[in-house]
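What follows is a single structure, written as structure tokens, with notes after it.
The values are calculated or read from the model by the stated rules, or taken from the named source; none is laboratory data. Treat the numbers as computed from the prediction; the structure is a model and nothing was measured. FYI the Cβ positions are ideal-geometry reconstructions off the backbone, even for glycines, and counts take in every protein chain you see.
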Amino acid sequence: MRANLKGSSEQGAEHPTPSGCPEYIAKDIASGTPYRVVEAGGEIVSCASADLDRAAKTAELTDCATRPDQRGKGHMRALLDGLMGDLKVRGYPTAFTLARATEPGINIAFSRLGFDYRGRMIRSCRIGEGLEDMNVWSRHLS
């Protein structure tokens with residue numbers, strides 16, 4: 001599962017979030033970060049969160065991951081719709097995301113949800129041992 005780590009390195013943000021670490025996720029939720037999950041058969045099969053920028057009143061929709069055997073079932077759309085609703089209730093007028101340029105599914109999901117493509121950041125994100133290109137998407141939530 002791919003997700004976003006709240007932090008950075010000298011050469012870009014580092015990924016993934018330790019989504020398999022319950023202590024990390026519990027601490028993040030306790031700090032106020034909204035998370036959404038889809039369960040099937042008693043297991044989490046898809047997840048996403050909203051990394052809040054409280055001062056700017058915007059949020060990065062991130063930590064988007066779906067188990068390969070669960071892809072194509074609309075889980076991510078439902079999660080992102082739910083998170084956008086959470087943000088609206090909190091008074092956040094905008095949201096954005098940085099999506100791996102090489103992953104068409106997540107980019108299609110944001111496009112279908114009305115996000116506008118804003119460009120690509122080249123070799124801006126460390127994932128594993130390499131640097132990857134990230135597409136920037138944003139949208140008004142009102």
Please count how many residues of the range 115-142 are more than 28 Å from Lys57 (Cβ to Cβ) and either in contact with a helix residue (DSSP H, G or I) (Cβ under 6 Å, 6 or more places away or on another chain) or of a type in the set (A, V, I, L, M, F, W, C) (or both).
3
Is there a residue being in contact with a Pro (Cβ under 8 Å, 6 or more places away or on another chain) and modelled with pLDDT under 75 anywhere in the range 5-25?
yes
Per-region count, the range 67-78, residues in contact (Cβ under 8 Å) with a residue 40 or more places away in the chain and not in a helix (DSSP H, G or I)
1
Is it fair to say Asp81 is free of Cβ contacts under 8 Å to residues at least 40 places away in the same chain, under 16 Å from His140 (Cβ atoms) and assigned to a helix (DSSP H, G or I)?
yes
For the range 81-114, which positions are of a type outside the set (Gly, Ala, Ser) and in contact with a helix residue (DSSP H, G or I) (Cβ under 9 Å, 6 or more places away or on another chain)?
Tyr92, Pro93, Thr94, Thr97, Arg100, Ile106, Phe110, Arg112, Leu113
Within the range 26-66, considering residues that are without any contact (Cβ under 8 Å) to a residue 24 or more places away in the chain and hydroxyl-bearing (Ser, Thr, Tyr), the one nearest to Leu87 (Cα to Cα):
Thr33
